[in-house]
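The structure under discussion appears below in the form of structure tokens.
Derivation of every value follows stated rules applied to the coordinates shown; laboratory data play no part. Computed from a prediction, not measured in an experiment: that's the story for all the values here. Virtual Cβ from ideal backbone geometry, glycine too; neighbours counted across all protein chains shown.
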Ligand code: A3P
């Protein structure tokens, strides 16, 4: 934390910019003790992590919303590299105290994942979102997150983001790194756009990956409970239970739009064409492709 402003600074760990709090506690995070039955949800920030967390929790609780609504999402599914101001427990502390099976969250790029996840061959769900909507969501989140330095103008933010100078580093390296990792680890790689297109289909994929069945009735309950409007209205999933000194919802809500293609209201034609050219170059041979509209 920057003592003068109270904001996080960015500090590089193995070349990746992370929050100064994460960096200060890096040894604890690196030594994180995964358990074989942990499920890790991994994303670049603002790809729709909360959506998958809530879906998995609902699957684990056989579609019973009352069981899931007992605690805010961030307490049911700890964010392993997050260190918030006291008295809020760190992700590491929350996870340690939690009974199995745990649903954990991380935004770390593949090369920084604590080694115990690989050693225990833990199942991982990776969710990727097209870079344009991801950037717009991240910009608005950076405005409402009072721990992050103000992102300034959209233009400057976008340039920084595409250059990989923001928290968690390059979006390209993140989505590609995890894409490659799925060839040799149990990783279910999902896309936000597919989730929006057919949530029931993607929820079934998740359940199958977890080795769990979801009867039709349960599936419908999960689809309804995890729909954008439901999660936006639910204090246990919309992050309004955190103090406004951390997330200021009057600047922008956490559950903001939840759509594909909203980037068109923010990008100029020149910005869009510029980014398309970079995407063609960066993703060209990866085998990864993204839809920017449905
Ligand atoms: P927008 O800012 O575009 O609205 P994360 O959970 O990784 O922080 O990502 C937050 C983004 O995912 C926000 O995007 C949020 O609205 C969207 N999101 C969260 N839950 C969602 C849901 N149930 N359906 C669709 N989008 C969802």
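Neighbouring Cβ atoms within 10 Å as the yardstick, rank 184, 120 fewest first.
Values: 184 8, 120 14.
Exposure proxy ranking, most exposed first: 184, 120.
Taking 0.36 nm per residue of sequence separation and subtracting the Cα-Cα distance, how much length would be gained by fully extending the chain between residue 197 and residue 224, in nm to one decimal?
Details: separation 27, 0.36 × 27 = 9.72 nm, distance 1.45 nm.
Separation in residues times 0.36 nm, less the Cα-Cα distance, equals 8.3 nm.
Taking a temperature of 25 °C and a viscosity of 0.890 mPa s, what whole-number D in µm²/s does Stokes-Einstein yield for the stretch 69-135 with Rh from Kirkwood over alpha carbon pairs?
Values: Rh = 13.6 Å.
For these conditions, the coefficient is 180 µm²/s.
Say each of residue 233 and residue 259 gets a label point 7 Å from the Cα, pointing the same way as Cα to Cβ; how far apart are those two points in nm?
For the pair residue 233/residue 259, the computed spacing is 1.9 nm.
In nm, what is the difference between 0.36 nm times the number of residues separating residue 216 and residue 97 and their Cα-Cα distance? All intermediate terms of the calculation are to be shown ahead of the outcome.
Working: separation 119, 0.36 × 119 = 42.84 nm, distance 3.37 nm.
So the chain would gain 39.5 nm between residue 216 and residue 97.
Using the basic label-point model (7 angstrom from Cα toward the beta carbon), what is the residue 33 to residue 205 distance in nanometres?
Computed distance between label sites residue 33 and residue 205 equals 3.5 nm.
Based only on other Cβ atoms within 10 Å, what is the fewest-to-most ordering of 98, 231?
Details: 98 17, 231 20.
Sorted ascending by nearby Cβ count, the order is 98, 231.
Give the separation of the Cα centroids, the stretch 64-83 to the stretch 176-199, in Å.
22
Given 0.36 nm per residue, what is the gain on full extension from residue 14 to residue 154 after removing their alpha carbon distance, in nm?
Details: separation 140, 0.36 × 140 = 50.40 nm, distance 2.78 nm.
Result: 47.6 nm gained on full extension.
When all C-alpha to C-alpha distances in the chain are sorted into bins of 10 Å, what percent of pairs does each bin hold, rounded to whole numbers?
Once binned at 10 Å, the Cα pair distances of the chain give 6, 28, 38, 24, 4, 0.
Against the globular-protein guess of 2.2 N^0.38 Å, express the Cα radius of gyration of the stretch 41-104 as a ratio, rounded to two decimals. Mind dumping the intermediate values first?
On the way: Rg = 11.8 Å, N = 64, 2.2 N^0.38 = 10.7 Å.
Dividing the Cα Rg of the stretch 41-104 by 2.2 N^0.38 Å gives 1.11.
Label-point separation (nm) for residue 121 and residue 180, each offset 7 Å from Cα along Cα-to-Cβ?
Result for the modelled spin labels: 2.3 nm.
Rounded, prolate or oblate, given the Cα gyration tensor of the stretch 56-189, with a/c below 1.5 counting as rounded?
Details: a/c = 1.79, a/b = 1.29, b/c = 1.38.
Cα axes put the stretch 56-189 in the oblate bin.
So what's the projected area for the stretch 175-261, the Cα convex hull averaged over all directions, in nm²? Before the final figure, lay out each step's value.
Numbers: hull surface 31.2 nm².
Projected over every direction and averaged, the Cα hull of the stretch 175-261 covers 7.8 nm².
I need the Debye-formula profile for the stretch 129-207: one equal scatterer per C-alpha, no solvent, reported as log10 I(q)/I(0) at q = 0.18, 0.19 1/Å, two decimals.
After summing over all Cα pairs, the log10 values are -0.87, -0.92.
Taking a cut-off of 14 Å, what percent of all Cα-Cα pairs in the stretch 112-175 are separated by more than that?
Working: 1278 of 2016 pairs.
Of all Cα-Cα pairs in the stretch 112-175, 63 percent lie more than 14 Å apart.
As an exercise, use a Förster radius of 45 Å and the Cβ-Cβ distance of residue 86 and residue 294 to find the FRET efficiency, rounded to the nearest 0.05. Walk me through the intermediate numbers first.
Details: r = 43 Å, r/R0 = 0.95.
The value I calculate is 0.60.
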